[in-house]
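Report on one structure; see the data block that follows.
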Amino acid sequence: MKFCIWFLAAACMLGGLASAQVTAIRAGHLVDPDSGVVLTDQVILISGKRIEKVGKGIEIPANATVIDLSSMTVLPGLIDCHTHLADGAHDGDPIGIFRKTAAELALESVPNARVVLESGFTTVRDVGTYRALGDVALRDAINRGDIPGPHMFVAGAYVTITGGAGADTGLAPDIQLPWDMHYGQADSPWEVRQVIRKLAHDGVDHIKVLSSGAVLTHGSNPKSQEFTLEELQAAVDEASHFGLRVEAHAHSPVGIKNAILAGVASVEHATMIDDEGIALAKQHGTYLDMDIYDEECIQEGGKKGNVPKDFLEHDAQLGQIQRDNFRKAVAAGAKMSFGTDAGVCPYGTSGKQFAFMVKYGMTPMQAIQAATSNAADLLGHSNDFGSIKPGKYADIIAVAGDPLRDIRLLEDVPFVMKEGKVYKH
Ligand SMILES: [Zn+2]
């Protein structure tokens, strides 16, 4: 293109278009989460990074690379709305990060991104990291093409009260933490606004606030309230000035309700949500992003002695309460997205949550929609992700068999394409 002179620009542009890689996928079955229907014998035409056409009997251009998935079920790339890819190699206790440099954490996170992509999750909403802005760097490295990984939408840091659910706790008070371990700490509406202004300047995609205590934080009580309603309202308002949405970690009923009333886009965990909280979520159109699988990994890690004792005490009974409340929320018709807290369970195993979502009340199609069309809507990027439609990214996966009959097929995805490029076949 750089040799084009202005009157040839149009011709050069045409040449540029013609040289974009054209791929055609033959899909025996194609799941469309937008309509909740499975289509048969479809052709997907891809030009460069995006989908150009989808339908039956579409003519395949002579120059196209053909991928034959006519014996498989094709789905849009999956989206996990609650991951922590930039926290390095998790070892069950966040105190482990104090033994590592920021560079070690960053480099340990490279394979996290790769295995998540290869497991069929082509997009993630990454909701916080113990060392601020490591997630921004990981996202940018993926976008530059330096390393393989999913589309990442990142939070930059946890916006948390001092000593709260998103703080790096467990050390003696006389130890001074480096800047990136308390970057998101805020203790008034104006401090919340200041932190969000910094994060927006740093290029984050959304804001993560912590509205109650946490299970996996030392000195924390998941049944408590942390930020006040006033602080949460300040967060949502300030984030909106930068076009950013807010998600709130909340286990306790009051933490959940405060977050919904403040206008967050989603409540994470929503463990102890009560009937009033479910009704409020419906009324406000708030997504519930409930990580109902990771209980398996917390308990399993506990048996192996890999989970600190105080975390297991926080967790007692909460796992089953969350699953029962998930069932209630689904039955009530609340908006549900798919989020796993990836990092608690090993990276690349998020697909295991689908079977639990079906076990606790969803149809297989609803579980798939939670991880595709609903998730894209929560991100505010339905134009780019969530279904296989013209104009969207060519983020496409396929499984051998019918995932609507056997949802566990999504635990082991054999074909993965992101932006028109095949990462696994
Ligand atoms: Zn989390």
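The values are calculated or read from the model by the stated rules, or taken from the named source; none is laboratory data. Owing to the predicted nature of the structure, the values given are computational and were not obtained by experimental measurement. Please note: Cβ atoms are built from the backbone with ideal geometry, for glycine as well, and neighbour counts cover all protein chains shown. Keep in mind that these areas ignore ligands, DNA and RNA; they rest on the heavy atoms of the full protein, side chains included. Shrake-Rupley method; radii C 1.70, N 1.55, O 1.52, S 1.80 Å.
In table form, for the structure just shown:
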read-out	value
DSSP bridge orientation in the chain - percent antiparallel, rounded to nearest 5	45
Gaussian network model of the chain, Cα within-10 Å springs - most flexible of A376, A24, A250	A24
Solvent exposure, largest accessible area first (probe 1.4 Å, DNA, RNA and ligands not counted), of R408, R99	R99, R408
When each of K208/K421; K257/K352; K392/K421 is checked by Cα-Cα distance, pairs over 19 Å	K208/K421; K257/K352
Normalised contact order of the range 102-160, rounded percent, pairs of Cα under 8 Å and 6 or more residues apart	42
Mean Cβ neighbour count within 10 Å, used as a protection proxy, ranking 362-373, 188-199 highest first	362-373, 188-199
Peptide ranges 58-68, 147-157 listed from the most packed, as the mean C-beta count within 10 angstrom indicates	147-157, 58-68
Span-like helix ranges in the chain, DSSP H, alpha carbon extent 24 angstrom or more, Kyte mean at least -1.0	102-118
For V43, solvent-accessible area (1.4 Å; no DNA, RNA or ligand), Å²	10
Computed [θ] at 222 nm, deg cm²/dmol, the chain (DSSP H ≥ 4; -39,500 (n - 2.57); rounded to nearest 500)	-9500 deg cm²/dmol
The range 176-334: projected area of the alpha-carbon convex hull, averaged over directions, in nm²	9.8
The range 72-212, accessible area per residue, ligands and nucleic acids excluded (1.4 Å, Å²)	35
Long-range Cα-Cα pairs in the chain (distance over 43 Å), rounded percent	13
Solvent-accessible area, 1.4 Å probe, carbon plus sulfur percent, for the range 313-425	48
With every protein chain in place, the range 131-178: carbon and sulfur % of accessible area (1.4 Å)	54
